[in-house]
1. Are there any pairs, at least 6 apart or on different chains, whose C-beta atoms fall under 8 Å, with the first in segment 409-429 and in contact (Cβ under 8 Å) with a residue 40 or more places away in the chain and among the polar types (S, T, N, Q) and the second surrounded by fewer than 21 Cβ atoms within 10 Å (Cβ to Cβ) and in a loop (DSSP other than H, G, I, E, B), and if so, which?
2. Under 6 Å between Cβ atoms, which residue pairs at least 6 apart in sequence (or on different chains) link something in segment 519-530 that is within 18 Å of Ile458 (Cβ to Cβ) with a partner that is part of a helix (DSSP H, G or I) and modelled with pLDDT of 95 or more?
3. Go through (1) at pLDDT below 95; (2) surrounded by 23 or more Cβ atoms within 10 Å (Cβ to Cβ); (3) among the small types (Gly, Ala, Ser) and name the single condition Ala302 misses.
4. What number of residues within segment 468-523 are among the β-branched types (Val, Ile, Thr) and in a helix (DSSP H, G or I)?
5. Of the residues Ile254, Ile273, Ile280, which is in contact with an Asp or Glu (Cβ under 8 Å, 6 or more places away or on another chain) and touching a residue at least 60 places away in the same chain (Cβ under 8 Å)?
6. For Leu518, only one of the following conditions fails: (1) under 18 Å from the mean Cα position of the chain (by Cα); (2) of a type outside the set (Lys, Arg); (3) at pLDDT below 95. What is its number?
7. Give segment 1-47 a look and list any residue that's aliphatic (A, V, I, L, M) and under 26 Å from the mean Cα position of the chain (by Cα), or say none.
8. Which pairs have Cβ atoms under 6 Å, sit 6 or more apart or on different chains, and link a residue in segment 150-165 that is touching a residue at least 24 places away in the same chain (Cβ under 8 Å) and in a helix (DSSP H, G or I) to one that is buried (at least 19 other Cβ atoms within 10 Å of the Cβ) and aromatic (Phe, Trp, Tyr)?
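The values are calculated or read from the model by the stated rules, or taken from the named source; none is laboratory data. Bear in mind the structure is a predicted one, so any value in this text is a computation, not a measurement. No Cβ is skipped: glycine too gets one built from the backbone with ideal geometry, and neighbour counts run over all protein chains shown.
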Amino acid sequence: MYKVYIENLDNRELSFPEGTDVETVYKAVRDELPLPAYVSKLDNAYRAFTHKLTHDSRIEFLDLRNQEAWQVYQNSLVMIFIKAVHDVLGKDVRVSIRNALNMGIFVTLTHKVDADVLKSIEDRMRGIVDADLPITKEHYTKDGAMIVARKQHQKETMKLLESITNIDDIQLYSLDDELQIFYNILVPSTGYIQYFGLRQYRSGLILQYPQQGDPTRVAEYVEQPKMYAAYSEAIRWGQLMDVNYVCDLNENIIEGGISDLILLQEALHEKKISDIADMIKEKGSRVVLICGPSSSGKTTFAKRLCIQLRVNGFKTLYMGTDDYYKEFHERVYDENGDADLESIRAIDTGLFRDQIQALLNGEEVDLPHYDFSIPGKVFGKHITKIDKNTLLVIEGIHALNEEMTENIPAEEKFKIYISPLTPISIDHHNRISATDARLLRRLVRDCKFRDSNAEHVIHTWPKVRASEDINIFPYNSEADIFFNSNCIYEIALIKKYAEPLLKRIKRTQPEYAEAQRLLDFLKYFDLLYEDSDIVNNSIIREFIGGSVIIR
């Protein structure tokens, strides 16, 4: 018998015979857990419910509030969706999983979908879930996986498998007669996936699922036309660079085409920033507000935009909302007793509004600088006034929250939302999460420039993400324009910096499982060693160093 300690239940000790799978342990305690779980963390490593016990173990069952469990849920839902599509429309219909959109995933099919077909697919998905069919993992060699990909006419998967040299164990999952490659864990049976929806949207469908902040119901549908436009533009950029999948990027690295790719990416960014500066001039705005989630490149973008606005004949005053944190004695605290530095409650919004209004009125203003070593605002170092030809360029996570600028007329404000929207996928039904791209950026930057370590970045990331869901993402619909700060080559480059940091995390540390997940993800990217072709004002320089903008 093996002893199993359930971390969710204060390390309660249970005993199970050798060969027991994790699902059996889960079923023994699931009624005592607050939410359904989809994957386990066993001795600090992510393990599927089909994993069998081989020794005394500590197990934590992970629900949708955990990033890994959320991805397990989405991948499992995609498998069920592909199976339903093929059952209704035939195996020749190709399913492409695109990107997060409208509180779901945007997908396209090589078949026209009307209301009747949509209902048939969703009904078939319900039938598959109700039948609680097993989803079985099978291990294939790379050559064996190549044969499967060739039979299914998945050229991008074949190219990817050909381009990687450090993997020879490929996971394929079968659901009845459906066999597909997935690069992550799936649930053991379809009955686990209870919450989903399907609806038509533009040229495709939205596959709906719960969000991490509300794990037991399908997220309320939110139309995001500007986000759709931004992703459409990102896809066009990928097509311009002839890079649509990871295998295309790997090919550029291997065959020496990466220098041209980098130059083209930077040219696209510069043109877009120039276009935005022209839009600001045309609208006649005096206040430019820039918002985006963590590690989206807000600072570099804002300062590059200032340069383009100067080209258009304006002077600019750059400001950051972080300088308006409340004084230490005014801080508010979250439910865990930690200082709340993420919500708008942490910002001295009254002072911010008053100073912005005074600047616009032509008055002299003593702008604060927030010194975190005190911590508190420091005055007297930046006393300034502006004229009518000076634009205020303000960046911060709360910049689009109306509470910050409610006293400024709408016509005087130009709102920009910035985020790295990844245009490439691993293959047709394995997408790359923009959240993971941002986490890797933050990991490298904070360890390199902010005296942090990989364990701390990974540990605090769930709290950062939870705050974004509340304080940032709900306001992206307020933006006049989206800017995609992704550099199509960036994960291959960041891999060089991130891998050593992640490998230092030991098995005994709680962050080990997440570190291994990221390392497994990075295996599919060929390493971009040389970064001398990356210009010194590139957004990616904000994270890897060498920026002429952020010193």
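1. Thr422/Ile432; Thr422/Ser433; Ser425/Asn244; Ser425/Ile432
2. Every condition considered, the pairs that remain are Leu519/Leu502; Leu522/Lys495.
3. Of the numbered conditions (1) at pLDDT below 95; (2) surrounded by 23 or more Cβ atoms within 10 Å (Cβ to Cβ); (3) among the small types (Gly, Ala, Ser), the odd one out for Ala302 is (1).
4. First, pick out the residues of segment 468-523 that are among the β-branched types (Val, Ile, Thr): 470, 472, 481, 488, 491, 494, 505, 508.
Checking the rest, the ones that are also in a helix (DSSP H, G or I) come to 470, 491, 494.
Here the count works out to 3.
5. On the way: Ile273 fails: in contact with an Asp or Glu (Cβ under 8 Å, 6 or more places away or on another chain); Ile280 fails: in contact with an Asp or Glu (Cβ under 8 Å, 6 or more places away or on another chain).
The unique qualifying residue is Ile254.
6. If we test Leu518 against (1) under 18 Å from the mean Cα position of the chain (by Cα); (2) of a type outside the set (Lys, Arg); (3) at pLDDT below 95, just (3) comes out false.
7. At the first step, the residues of segment 1-47 found to be aliphatic (A, V, I, L, M) are 1, 4, 6, 9, 14, 22, 25, 28-29, 33, 35, 37, 39, 42, 45.
Within segment 1-47, Leu35, Ala37, Val39, Leu42, Ala45 meet the criteria.
8. Note: pairs meeting the criteria are Glu156/Tyr245.
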